[in-house]
């Protein structure tokens with residue numbers, strides 16, 4: 001019943017002008033901000049941890065409000081992507097530094113796009129598939145399988161192929177060997193037996209080493225990518241220059257160095273424009289559980 005209501009809700013909203021949909025989801029975000037004390041607290045705890053208690057309460061409130069709004073807009077963007085043409089998407093997106101990918105393609109190498117929960121990640125992933133190249137997008141299985149199907153239809157509409165994390169290794173390797181791109185998130189909480197310890201904005205943190213491992217083993221290129229906006233109508237897909245993975249006699253050191261460079265890239269993004277990152281997620285709960293000890 002709940003999923004049928006979602007489909008009805010989608011059909012109703014998509015019949016409205018875009019500005020009305022944005023206003024509606026912005027209102028939902030405001031309600032969410034005022035009613036969800038738990039996630040307001042998580043955001044403030046994350047901000048205090050990362051910025052070492054240097055932010056004012058006003059700054060933290062503004063960033064947290066935007067985090068709720070950004071989450072609501074990502075849901076809206078998924079809904080719109082399910083009903084959008086490639087031409088309509090193109091009107092929203094400007095691509096910056098596509099030369100970084102063209103250079104890798106000219107070398108006959110596969111691209112590993114490393115990305116993050118930053119600004120409109122739903123539009124960003126879809127735009128890579130639509131205007132640069134289709135990619136294998138790795139995701140974590142959701143509890144609600146009907147909603148998962150709904151969301152993956154949006155993400156895969158323009159050529160991407162979503163693969164669930166627990167069964168992805170063999171097909172991912174096969175596709176990279178064949179020159180197919182993949183997209184990997186580097187800012188999710190991971191278990192203690194995964195990844196490597198890096199320095200993230202002055203804090204020890206475990207981060208996935210999969211991009212560096214795959215790039216080193218299969219001569220692929222790590223290209224960081226994210227998206228941002230000034231007006232929540234027009235978006236810039238930002239591609240960054242390749243993070244190169246050395247291939248010395250010490251594989252572990254090579255992988256650690258490249259993983260640290262990815263963390264530095266994300267840290268720089270957050271320092272420049274912190275409002276765009278997803279502060280509502282307990283990113284640091286495994287390595288720094290004391291941050292959330294009162295929850």
Express as a percent, rounded to the nearest 5, the fraction of DSSP beta bridges in the stretch 135-206 (both residues included) that run antiparallel.
35 percent
What does the extension gain come out to for residue 173 and residue 6, with contour length at 0.36 nm per residue minus their alpha carbon separation?
56.5 nm
Take every DSSP beta bridge whose two residues both sit in the chain, then give the antiparallel share in percent to the nearest 5.
40 percent
For the chain, what is the calculated [θ] at 222 nm in deg cm²/dmol (nearest 500), taking -39500 (n - 2.57) for each run of four or more DSSP H residues and dividing by its residue count?
-16000 deg cm²/dmol
With a ≥ b ≥ c the root eigenvalues of the C-alpha gyration tensor of the chain, is it rounded (a/c under 1.5), prolate (a/b larger than b/c) or oblate?
oblate
Looking only at the stretch 56-81, which residues have a backbone nitrogen under 20 Å from a spot 7 Å from the Cα of residue 294 in the C-beta direction?
56-65
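By its C-alpha gyration tensor, with a ≥ b ≥ c as the square roots of the eigenvalues, how is the stretch 128-222 shaped: rounded for a/c under 1.5, else prolate for a/b larger than b/c, else oblate?
oblate
Could you order the peptides 74-82, 236-244 from most to least packed, using the average number of other C-beta atoms within 10 Å per residue?
74-82, 236-244
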Please work out whether the stretch 49-104 counts as rounded, prolate or oblate from its C-alpha gyration tensor, where a ≥ b ≥ c are the square roots of the eigenvalues and a/c under 1.5 means rounded, while otherwise a/b larger than b/c means prolate and anything else oblate?
oblate
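No value in this document is a laboratory result; all are computed from the given coordinates. In this text the structure is predicted, and so the values were computed from the model without any measurement. Here the Cβ is made from the backbone with ideal geometry for all residues, glycine too, and neighbour counts use every protein chain on show.
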